Amino acid sequence: MGDRDLAAKYNAKLAAKGVVDRKWIVTEGGALILVPTGKEQPDPVKQEDLPL
């Protein structure tokens with residue numbers, strides 16, 4: 001598995017967890033690093049009780 005494939009796999013795992021504020025990239029030297037995307041992580045939606 002290449003470095004880009006590994007970064008794509010890790011990014012898919014982050015996306016499945018709902019993480020949008022960071023991602024994995026491959027540098028020219030072949031190192032995997034976690035970098036901010038510039039997007040703000042949304043607040044989790046709180047489930048509210050419905051009135052009876």
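Based on what the data block shows, is residue 45 open to solvent by 90 Å² or more (accessible area, probe 1.4 Å) and modelled with pLDDT under 90?
Spelling it out, residue 45 is indeed open to solvent by 90 Å² or more (accessible area, probe 1.4 Å) and modelled with pLDDT under 90.
How about segment 1-21: which of its residues are more than 15 Å from residue 37 (Cα to Cα) and loosely packed, with under 14 Cβ neighbours inside 10 Å?
1, 2, 4, 5, 6, 9, 13, 16, 17
Report every pair of residues separated by at least 6 positions or lying on different chains whose Cβ atoms are under 6 Å apart, first residue within segment 31-47 and closer than 17 Å to residue 21 by Cβ, second at pLDDT 90 or above and of a type in the set (Phe, Trp, Tyr).
Once the first residue is closer than 17 Å to residue 21 by Cβ and sits in segment 31-47, its partners that are at pLDDT 90 or above and of a type in the set (Phe, Trp, Tyr) give 34/24.
Scan segment 23-39 for residues that are among the hydrophobic types (A, V, I, L, M, F, W, C) and either surrounded by 12 or more Cβ atoms within 10 Å (Cβ to Cβ) or farther than 13 Å from residue 2 by Cα (or both) and jot them down.
The answer is 24, 25, 26, 32, 33, 34, 35.
Go through (1) at negative phi; (2) in contact with an Asp or Glu (Cβ under 7 Å, 6 or more places away or on another chain); (3) modelled with pLDDT of 80 or more and name the single condition residue 30 misses.
Answer for residue 30: the failing condition is (1).
The values are calculated or read from the model by the stated rules, or taken from the named source; none is laboratory data. Keep in mind that what you see is a predicted model, and the values were worked out from it rather than measured. Every residue, glycine among them, receives a Cβ derived from its backbone with ideal geometry; neighbour counts consider all protein chains shown. Note: accessible area is taken over every heavy atom of the protein model, side chains too, but ligands, DNA and RNA are not part of it. Shrake-Rupley method; radii C 1.70, N 1.55, O 1.52, S 1.80 Å.
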